[in-house]
Amino acid sequence: MREQIDQLKEKWTALSKGADEIVRNADAEGRAMSEDEANRFNALMERHKVLGADIERREALLAAQQAETVSERKTTPASPGSQATSLIVPAGTRIEGYRRRKRMRAFIGERAEEHAYRSGMFLRATLLDDKKARNWCQDHGVEFRVQTEGVNTKGGFLVPDEFERAVINLREDYGVFRRECKVYPMSSDHVIIPRRTDGPSASFVGETTAITESEKTWDQVTLTAKKLGALTRMSSDLAEDAVIDLADDLADEMAYAFAAKEDACGFNGTGAAAYGGMTGILVKLFDTTTYAGSVYTAFTNHDQFSEYDAADLAGTMGKLPAYALPGAKWFCSQVAYSLVFERLSVGYGGATMREVEGGIKPFYMGYPIVISQSMPTSTADISGYIALLFGDLSQAATLGDRRGITIKVDDSRYLEYDQIAVRATQRFDINVHNIGNATTAGSIIGLEAET
């Protein structure tokens with residue numbers, strides 16, 4: 001029943017997203033919906049209403065069935081003082097009797113321990129097929145959402161909200177590109193976003209001269225979801241009191257793996273299969289013929305981070321269009337931050353000993369500095385490469401997010417080690433689209449090392 005409801009919910013959500021896309025396309029082009037669009041919109045919303053009512057009826061039936069199951073389940077009383085007395089806890093209360101071996105990183109906030117525990121029990125139930133954990137999840141409303149028809153070995157489980165939030169929070173903490181670019185929820189595997197490129201122009205006219213016609217023009221930003229996977233292993237012999245650490249560790253590892261690859265694709269993607277066919281911003285700007293308008297070349301012999309000066313940075317800033325300045329930031333590696341920005345900040349004079357001891361704030365000329373190790377890190381000659389970026393990445397690139405995180409388990413791959421394989425997947429795409437052309441600057445400028 002739960003699998004059927006989840007499948008219906010996916011269809012229900014897709015219907016609303018389809019209707020929303022019709023409205024967005026019309027709004028983006030500054031017009032009312034056509035008759036065909038209006039008919040399709042009405043049909044989608046009618047199906048959405050009917051399907052929603054069906055889902056409500058099925059969920060009411062499922063709730064009644066679960067209540068009967070809980071009342072009929074026989075439990076064995078735990079001995080006084082045993083850890084099992086804390087296995088089933090009311091939502092919103094602190095988990096007692098289950099120790100954490102370390103400080104949590106993935107789960108934060110007032111209810112962090114509860115969310116980690118609920119996620120850990122979900123992982124025990126799905127990955128280890130633990131009956132006690134399955135019962136606990138059913139009693140406390142932790143859903144087993146199957147991605148496709150069949151069982152876990154075919155499609156995999158969509159993780160619960162608490163776990164996915166932890167991964168997303170960490171992914172945005174680790175991942176610069178996802179945090180700074182525009183994230184667009186994808187309602188299908190292939191999405192085309194209309195983008196305005198130019199508008200009507202005005203000109204002076206004489207009394208008998210016709211006004212020159214001009215129109216708003218558009219192009220398209222295309223997103224095609226690609227599947228990204230991460231594979232890790234963990235012990236198949238996990239004690240009940242380790243579920244919090246289990247959830248925290250797995251969320252941390254998955255978030256780092258996904259974020260690292262997203263940054264690699266967004267900054268350094270070459271369009272090859274290793275990057276899911278995505279081309280990153282550094283690679284695009286490296287084509288200084290096509291995108292010369294968005295590239296500023298450093299002064300003569302300035303081909304290392306230790307040689308850049310204030311004039312190089314000022315020239316980069318001066319090339320950015322005014323519309324991108326309000327959200328502009330610097331993007332560089334830790335090496336560049338230390339050898340360029342900290343060096344220049346101290347060299348300007350006036351820095352107190354307290355400022356030197358406490359560190360220079362990550363700003364330059366009032367603009368934040370964002371550090372990503374996907375940016376160049378070499379201390380040697382980097383002639384011809386894009387060393388730094390300055391601009392608004394949210395205007396320059398879009399990350400399409402197709403669906404949530406799915407996990408799948410294989411208990412045979414590492415059988416000899418008494419470990420199980422855990423595979424996590426997500427689907428996304430990155431399109432770097434507003435970086436100008438050969439003569440016009442886009443929303444982000446690259447500082448090229450002098451060739």
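The values are calculated or read from the model by the stated rules, or taken from the named source; none is laboratory data. Computed from a predicted structure; not experimentally measured. A quick note on method: Cβ atoms are made from the backbone with ideal geometry, for glycine too, and the neighbour counts reach across all protein chains shown.
Answer yes or no: is there a residue in segment 428-445 that is of a type in the set (A, V, I, L, M) and modelled with pLDDT under 90.
no
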With respect to the numbered conditions (1) more than 22 Å from D189 (Cβ to Cβ); (2) modelled with pLDDT under 85, which one is the sole condition not fulfilled by A28?
-> (1)
Taking R413 as the residue in question, decide whether it is surrounded by 14 or more Cβ atoms within 10 Å (Cβ to Cβ), among the basic types (K, R) and in a loop (DSSP other than H, G, I, E, B).
-> yes
Which one of these is within 18 Å of F331 (Cβ to Cβ), surrounded by fewer than 22 Cβ atoms within 10 Å (Cβ to Cβ) and either modelled with pLDDT under 90 or not aromatic (F, W, Y) (or both): A264, A298?
-> A264
Six or more apart or on different chains, Cβ under 9 Å: which pairs go from a residue in segment 287-302 that's touching a residue at least 40 places away in the same chain (Cβ under 8 Å) to one that's polar (S, T, N, Q) and outside any loop (DSSP other than H, G, I, E, B)? Could you list them?
-> T288/T297; Y296/T316; A298/T316
Name the residues in segment 19-57 that are assigned to a loop (DSSP other than H, G, I, E, B) and surrounded by 13 or more Cβ atoms within 10 Å (Cβ to Cβ), would you?
-> M33
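Conditions tested, residue by residue: (1) within 25 Å of the chain's Cα centre (by Cα); (2) modelled with pLDDT under 90; (3) not in a loop (DSSP other than H, G, I, E, B).
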| position | (1), (2), (3) |
| --- | --- |
| M317 | no, no, yes |
| L339 | no, no, yes |
| E355 | no, yes, yes |
| I369 | yes, no, yes |
| L389 | yes, no, yes |
Within segment 35-52, identify whether any single residue is out of contact with any helix residue (DSSP H, G or I) (no Cβ under 9 Å at 6 or more places or on another chain), among the polar types (S, T, N, Q) and at pLDDT below 85, and answer yes or no.
-> no
Has segment 198-218 got any residue that is of a type in the set (D, E), assigned to a helix (DSSP H, G or I) and either out of contact with any Ser or Thr (no Cβ under 8 Å at 6 or more places or on another chain) or modelled with pLDDT of 85 or more (or both)?
-> no
Which of (1) touching a Leu at 6+ places or on another chain (Cβ under 7 Å); (2) outside the structural domain of Y385 (by TED's automatic domain parsing) does A264 not meet, given it meets every other one?
-> (1)
Here are K361, K408: which of them is at pLDDT below 85, within 27 Å of the chain's Cα centre (by Cα) and part of a loop (DSSP other than H, G, I, E, B)?
-> K361
Residue hits (segment 1-35; free of Cβ contacts under 8 Å to residues at least 60 places away in the same chain and more than 30 Å from A64 (Cα to Cα)) are A19, I22, V23, R24, A26, D27, R31, A32, M33, S34, E35
